[in-house]
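Okay, structure first, notes after.
The values are calculated or read from the model by the stated rules, or taken from the named source; none is laboratory data. These figures come from a predicted structure and were not determined experimentally. Cβ placement follows ideal geometry from the backbone for every residue including glycine, while neighbour counts extend to all protein chains displayed.
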Amino acid sequence: MSKDLHALTGAYVMDALDDDERAAFEAYMATSPATQAEVASLLEVGAMLGAAAAETPPEGLRRAVMSEIDNVRQERPVVTAIDEAPSVRPVAAPASRSWVTRLSMVAAAAAVAVSVGLGVLVSDLSNRLDALETTNTEVATLVAATDAARFDAGLPDGGVVTAVISDDHHAAVTVADGLPVLDEQLMYVLWAIIDGTPIAVGELHNGVPLTTQHAGLDGLGLTVEPRDAPLDMPTGTVQVQLGA
C-alpha cells in the first residue's frame, strides 16, 4: 500500500489528486521523511524551472544564436528550448567514446535531499504550484514523473547545474544557476551521453532550461568549448557530470 501511495508523489506535486487521494497521500507522507524530502525537492526544481522559463533572454543574444542556428544543419531533432529561450544548438554528430572515459572520471554529484517538515510543505504547496504553472507543459510533466530523479553538481569555480531525468518519458531537463562568466569566445556546452557516445545538447545559460529527448541516456556532462567551433565532439575540460 505504501508503495502505491509513494507513486503518487508526482501527481501530488502537480496538484492532480482528488480529495481522498490527497488525504491518503498526506497521511502517508507524514510518516515518511524520505517522501517529504522527495516532494520538497521536486517542488524546488519546479519553482526554479518556472522562474527560469519566465525570463526573456537579451535580444542581442537571441539574434546571435538564431543566426547561428540558421547556418548549422540539424541532424537529430532531440533538443527543445523552453518557451522563447534562444540557447539551443542543433544536436551534433556522435563523438569519440574516448571522451566518455574521461567524463566517467569526474565524480557524479549526489542528489540533494531536502529535509522539510510536513507542516512547511503543506503551507508552501500553493505558492510552489503557482510557480510550476508558469513552466512549459513538457517540463512540468517531466518534473512530476513518478520516476523523476534529480541530480545537482557544482562547478570548480562556482555555480550549480541541476538536472531532472525521467527514463519513463525518455527525457531530461537541465538548468544552471551562478555559472561563472566566460570569455566572449567561450561557452558552456551541455552533452548527453547516449549509449556511451557524447552528443551536444546545446549552449547552457544561467536560468535557461534545456530539455532533450533520449533513449539510452547514460548521463549528462558540461564542458567549456570555443564559441565558433563545431560541436561534433567535446574538447574542453569536463566541468560537471550528472546522472551517471
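Results for (1) of a type outside the set (A, V, I, L, M, F, W, C); (2) within 20 Å of Ala7 (Cβ to Cβ); (3) buried (at least 24 other Cβ atoms within 10 Å of the Cβ); (4) at pLDDT 90 or above, shown as yes or no for each residue.
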{"residue": "Ala145", "(1), (2), (3), (4)": "no, yes, no, no"}
{"residue": "Ala149", "(1), (2), (3), (4)": "no, yes, no, no"}
{"residue": "His169", "(1), (2), (3), (4)": "yes, yes, no, no"}
{"residue": "Trp191", "(1), (2), (3), (4)": "no, no, yes, yes"}
{"residue": "Gly196", "(1), (2), (3), (4)": "yes, no, no, no"}
Taking the criterion of being assigned to a loop (DSSP other than H, G, I, E, B) and in contact with a strand residue (DSSP E or B) (Cβ under 9 Å, 6 or more places away or on another chain), would at least one residue in the stretch 169-176 satisfy it? yes
Residues that are without any contact (Cβ under 8 Å) to a residue 24 or more places away in the chain and within 24 Å of the chain's Cα centre (by Cα), drawn from the stretch 9-33: none
Selected residue [within 19 Å of Thr237 (Cβ to Cβ) and in a loop (DSSP other than H, G, I, E, B)] from Val181, Val189, Val208: Val181
Sort through Thr9, Thr35 and tell me the only one that's in contact with a His (Cβ under 7 Å, 6 or more places away or on another chain), at pLDDT 65 or above and surrounded by 15 or more Cβ atoms within 10 Å (Cβ to Cβ). Thr35
Six or more apart or on different chains, Cβ under 8 Å: which pairs go from a residue in the stretch 232-244 that's farther than 20 Å from Ser166 by Cβ to one that's aromatic (Phe, Trp, Tyr) and surrounded by 22 or more Cβ atoms within 10 Å (Cβ to Cβ)? Could you list them? Pro234/Trp191; Gln239/Tyr188
Considering only the stretch 174-182, I want to know if a residue exists there that is touching an Asp or Glu at 6+ places or on another chain (Cβ under 6 Å), surrounded by 21 or more Cβ atoms within 10 Å (Cβ to Cβ) and of a type in the set (Ser, Thr, Tyr). no
